[in-house]
Amino acid sequence: MDDLRLGLLLNAVSPAVGGVLVRGEKGTAKSTMVRALAGLLPSIATVPDCRFACDPAAPDAQCPDGPHEGAAAGERPAFLVELPVGVSEDRVVGSLDLERALAEGVKAYEPGLLAKAHRGVLYIDEVNLLQDHLVDLLLDAAAMGRSYVEREGVSVRHAARFLLVGTMNPEEGELRPQLLDRFGLTVEIAATRDADERAEVVRRRLAYDADPAGFAARWGERERELAERIAAARELLPQVELSDLALRQITAVCAAFEVDGLRADIVMARTAVALAAWAGRTEVLEEDVRKAAQLALPHRRRRNPFDAPGLDEEQLDRTLAEHAPEDGPEDDGPGDGGPGDGGGGPDGGGTPEPGDPSGPNEQAAPESSDAPADTPAAPPQQRPGGGRESAPVASEQPYRTRLFKVDGTGRGAQGRRSPAETDAGHTIRARRPQGRLARLHLSATLRAAAPHQAARGRDGRALVLTRDDLREQVRRGRESNLVLFVVDASGSMAARQRMTAVKGAVLSLLMDAYQRRDKIGMVTFRGAGAELALPPTSSVEVGAARLEQLPTGGRTPLEAGLLRAHEVLRVERLRDPDRRPLLVVVTDGRATGGKDALARSRRAAGLLAAQGVAAVVLDCESGPVRLGLARELAAHLNGDAVSLDELRAEGVASLVRETRTGMTTTRKAA
């Protein structure tokens, strides 16, 4: 919590830092901390009656409410605007009254949340669940500092510079890399494990519930002091000097950690300057650079979606030491009382008050040690369901896979897998509006209105329109799906080399699902039955972790696995009827549990086929003698069967090239 408090305060001092991404488990007061920032932000000077918070000292020349030259100055608090996950595009960027724009030629524009957040804070709770087309809007606004609204030749643009703050639970999925990089700082938080601190948190929460006004009054003086310190640091900020040595340390650290691009260098420099101003200094010290690295680099170190964000503290110290002044004092590291110390006071420094839960948690996690290389593997354990269970084996490195998609046209959430009618994409036809008009199809509207102009008494240049004339665009794009894995973990799959390849294949498909914005789930079957190892979620990281921990052994209850998948899909169809499923069965096709086990598994496959579930069977059979049972299962599922070798995208491309080469050779010979 100390780093979170410090990150928010640094952005209040210097909005150019670029915002904060808060990652943490549920129930850790992430949203409460962010909302508390609103009361600490200094007021801003604005042009009276301007809906876009124009600064009277430098008004926006393109402001829809302008021009503002010579306008009087007013003052109001900086807003903290919350952007709901399910918000519409029109609510984010604003909307035009298209009927008035066509009929009267006027720009009747209603500002959106981006306009309201200008010169303030835009807060997104559960930012990782935000739809892709809204993420695109935020990326554009964050990159250019402006919001654009384009509707059939009518355009409005206005300034949209805001402090972006997001909170998320990593278990629900990760952010797109482009949006992740737009957050200046990131903070990982978790609930304290200290019983006294937890008790103090509960005590304060109960006190607030009993008397909110009285509780706020008791802390009012502390908050006023904090707001005054923010204002003082803002005034000091232009006087802070970033020396060549400090800048060299910043760029050396970014180079040592191999972060992409130069945004990390810029953010670190701004953060170090803000840290110095917050500490009341006009010079950036090494401790500022160290703390800036700890806040600005962890989320920029990831190379694939399964990498956990983090920073190697020893590597950071080595790099700083290599570029430290030769005759300067040695840095004492964290704990020296500087701004990076993360003390317990509300400003991130100093000694915590007795009973204050904001103090640092000094409990250290036990160090892990690797077993010697010659340590014998744990012996297989007997399972109640029959057979022996083997310890989990590691997976191969993931690779790029073939694209599997659901046939037909869906209406699910925007993604990158199967064809669907979406808010983004190319226009395929026009239709009458279903609800509020959002995407006008201009030519279709004109064609619908043209035959009626004489009857409506048109006598000028304006087009006489009625609601019945309006037509909206229908766009074809791609949707995300629910990819449900049904993984055979029985003894027939337990050969180490084979299971390593199988886990690598599933991990590759998980990465593909992450890139295509799918939800995933996992059913495993072995021994006496099947279990839902991973309920449908957006977090492929959790799926990868469950896969790595998956033991194997025992019988092969294929029927139980398919029936469990049928039940999971039935429940998910009720929860999210627009999200179409894709079933991926990972098996060699064998089934045990009685003489008719194979026949029962095929009847279970028929249930899924009758529901129209798109299916792919990943055929894991190996060896010189193959029974072809997995391909028979795919036929009963009305799906495709793909071998491990055929799964790789490179293998498919090679096969196509070989086929084309063979056809060319045949033609030349003819």
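The values are calculated or read from the model by the stated rules, or taken from the named source; none is laboratory data. Model, not experiment: these values are computed from the prediction. Ideal geometry is used to build each Cβ from the backbone, glycine not excepted, and the neighbour counts take in all protein chains shown. Remember, those area values only see protein heavy atoms, side chains included, never the ligands or the DNA or RNA. Shrake-Rupley method; radii C 1.70, N 1.55, O 1.52, S 1.80 Å.
Taking the C-alpha atoms of region 206-265, how large are the radius of gyration and the largest Cα-Cα span, Dmax, in Å?
For region 206-265, the Cα-based Rg and Dmax read 20.5, 54 Å.
Pull out the extension gain between residue 455 and residue 228, defined as 0.36 nm times the separation in residues minus the alpha carbon to alpha carbon distance; nm, one decimal.
Difference between extended and current length: 75.0 nm.
From the phi of every residue in region 26-36, what ³J(HN,Hα) in whole Hz does the Karplus formula 6.51 cos²θ - 1.76 cosθ + 1.60 yield, where θ is phi - 60° and glycine or proline is x?
After applying 6.51 cos²θ - 1.76 cosθ + 1.60, I find 5, x, 10, 6, 4, 5, 4, 4, 5, 5, 5 Hz.
For region 534-633, take the alpha-carbon Rg, divide it by the Kirkwood Rh, and send me Rg/Rh.
So for region 534-633, dividing Rg by the Kirkwood Rh gives 0.98.
Quick one: Cα centre-to-centre distance for region 18-60 and region 465-483, in angstrom?
The distance from the Cα centre of region 18-60 to that of region 465-483 comes to 34 Å.
Distances longer than 28 Å among the Cα atoms of region 106-246: what percent of all pairs is that? Let's see the in-between values first.
Working: 4639 of 9870 pairs.
The proportion of pairs with Cα distances above 28 Å equals 47 percent.
Taking the solvent-accessible surface of protein heavy atoms with a 1.4 Å probe, what is the per residue accessible area of region 62-220 in Å²?
On a per-residue basis, region 62-220 sits at 47 Å².
Which ³J(HN,Hα) values in Hz, rounded to whole numbers, follow from the phi angles of region 132-143 under the Karplus curve 6.51 cos²θ - 1.76 cosθ + 1.60, where θ = phi - 60° and Gly and Pro get x?
Values, residue by residue: 4, 5, 6, 4, 4, 5, 5, 4, 4, 5, 5, 6 Hz.
What is the packing order of peptides 590-599, 270-279, taking the mean over residues of other C-beta atoms within 10 Å and listing the highest first?
Going from most to least packed, we get 270-279, 590-599.
Applying the Karplus parametrisation 6.51 cos²θ - 1.76 cosθ + 1.60 with θ = phi - 60° to the phi angles of region 227-238, what ³J(HN,Hα) value in whole Hz is obtained for each residue in order, glycine and proline being reported as x?
4, 5, 5, 4, 4, 5, 5, 5, 5, 7, 3, x
Can you give the net charge of the other residues whose Cβ lies under 13 Å from the Cβ of residue 241, counting K and R as +1 and D and E as -1?
It works out to a net charge of -2.
Over region 164-251, what percent of the accessible surface lies on carbon and sulfur atoms, probe 1.4 Å?
52 percent
Using just the alpha carbons, could you tell me how many Å³ per residue the convex hull of region 1-111 encloses?
That works out to 134 Å³ per residue.
Report, to the nearest whole %, how much of the accessible area of region 437-478 belongs to carbon and sulfur atoms, 1.4 Å probe, protein only.
It is 49 percent, rounded to a whole number.
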